[in-house]
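Just below is one structure, and these are the notes that go with it.
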Amino acid sequence: MEKKELDWGSIGFNYRPTDFRFVANYKDGAWDEGTLSQDANVVMNECAGVLQYAQTCFEGLKAYTTEDGKVVCFRPDLNAARMADSCERLEMPVYPEDKFVEAVVKTVKANLAYVPPYGSGATLYIRPYMFASSPVIGVKAADEYQFRVFVSPVGPYFQEGAKPIVIRVCDFDRAAPHGTGHIKAGLNYAMSLYAISDAHRQGFEENMYLDAATRTKVEETGGANFIFITKDGKLVTPKSDSILPSITRRSLMYVAEHYLGMEVEHREVYFDEVKDFVECGLCGTAAVISPVGKIVDHGKEICFASGMEEMGPITKKLYDTLTGIQMGHIEAPEGWIRVID
């Protein structure tokens with residue numbers, strides 16, 4: 001299929017509508033078959049559950065053009081499973097996991113002209129999401145829901161390369177113990193907007209959230225998991241029931257152990273030990289890894305040995321290996337890559 005005439009190298013990380021999106025509706029206790037639609041607008045009742053009580057969740061993944069010209073998705077089955085967890089926690093009907101993957105494939109296939117070419121640095125961002133569509137005035141779960149998938153070509157998250165960022169220890173709490181921090185609910189991101197805007201006003205790129213119960217343990221940022229590298233070359237990632245189980249983080253842990261021969265620790269990380277790590281990064285779908293050069297804790301600076309000029313050497317190996325798998329340079333573990341036929 002002939003590609004759209006876009007300046008792939010400078011499209012930016014922004015929403016750009018494409019030709020088709022997938023739409024399925026839940027009514028009378030069952031999902032319909034779903035269909036591809038050319039209408040980018042959502043029409044709903046003024047009293048829809050999503051508007052009144054924020055009953056909504058979403059996922060994010062990407063499609064790539066590999067070195068040999070194939071269009072692929074990266075581990076969509078894990079996104080399907082994570083959305084199922086989100087739906088169960090929010091008292092929403094689960095969209096079947098196999099149907100989820102099917103819908104992703106159908107949507108990408110219908111918009112192949114928007115999948116950026118190999119080597120452009122751009123990708124096709126995929127956003128599956130679900131929301132309560134029927135009217136709800138009392139505080140309760142809705143009766144009807146809509147599941148949708150749209151895609152948008154996006155440029156590299158870092159247009160000029162991944163330079164280390166400066167973040168702060170946040171005074172706000174991201175998630176309560178036994179709350180919703182472990183699912184991808186829209187409400188989690190809404191409550192983080194003030195904190196991230198405040199961080200930006202103070203000159204920081206991101207927030208480091210500590211656990212709400214004791215404020216002694218590292219959790220995550222508003223939209224990414226942390227990774228740390230120890231002096232002896234171990235990969236350490238924080239463990240908590242309030243942290244979103246990042247697919248990128250889980251993939252990096254596997255890459256570290258099975259491709260790079262590193263020791264991996266997934267455990268509680270106390271803030272007091274952060275100063276002893278030599279590299280730090282934020283991992284997620286959008287950027288894969290964002291290197292952190294400095295953390296500011298109410299005026300006290302923690303500066304990592306990797307510095308503020310470039311990604312640390314071990315973090316760079318992790319980044320290069322995972323993106324190499326995604327782009328087809330490196331053989332992927334079984335089941336990680338879904339080819340769009």
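The values are calculated or read from the model by the stated rules, or taken from the named source; none is laboratory data. For clarity, every value in this text was computed on a predicted model and none was experimentally measured. Ideal geometry is used to build each Cβ from the backbone, glycine not excepted, and the neighbour counts take in all protein chains shown. Ligands, DNA and RNA are excluded from the accessible area calculation, which covers all protein heavy atoms including side chains. Shrake-Rupley method; radii C 1.70, N 1.55, O 1.52, S 1.80 Å.
Residues of region 231-285 that are farther than 19 Å from Glu219 by Cβ, buried (at least 17 other Cβ atoms within 10 Å of the Cβ) and among the small types (Gly, Ala, Ser): Ser251, Ala256.
Among the residues of region 58-76, those that are over 20 Å from Trp8 (Cα atoms) and part of a strand (DSSP E or B) comprise Phe58, Phe74. For Asp276, the requirement of being acidic (Asp, Glu) and without any contact (Cβ under 8 Å) to a residue 12 or more places away in the chain is not met. The residue pairs whose first member lies in region 59-77 and is of a type in the set (Lys, Arg) and open to solvent by 20 Å² or more (accessible area, probe 1.4 Å), whose second member is at pLDDT 95 or above and part of a loop (DSSP other than H, G, I, E, B), and whose beta carbons are closer than 6 Å, counting only pairs six or more residues apart or on different chains, are Arg75/Trp336. Somewhere in region 13-20, is a residue buried (at least 18 other Cβ atoms within 10 Å of the Cβ), modelled with pLDDT of 95 or more and more than 14 Å from Val149 (Cα to Cα)? No, region 13-20 contains no residue that is buried (at least 18 other Cβ atoms within 10 Å of the Cβ), modelled with pLDDT of 95 or more and more than 14 Å from Val149 (Cα to Cα).
For region 45-57, residues that are surrounded by fewer than 17 Cβ atoms within 10 Å (Cβ to Cβ) and either within 23 Å of Ser152 (Cα to Cα) or among the charged types (D, E, K, R) (or both) total 1. The condition of being of a type outside the set (Val, Ile, Thr) and surrounded by fewer than 18 Cβ atoms within 10 Å (Cβ to Cβ) holds for only one of Tyr145, Tyr114, Tyr125, Tyr118, that being Tyr118. The residues listed here are Cys87, Cys57; of these, the one that is in contact with a Pro (Cβ under 8 Å, 6 or more places away or on another chain) and within 30 Å of Ser134 (Cα to Cα) is Cys87.
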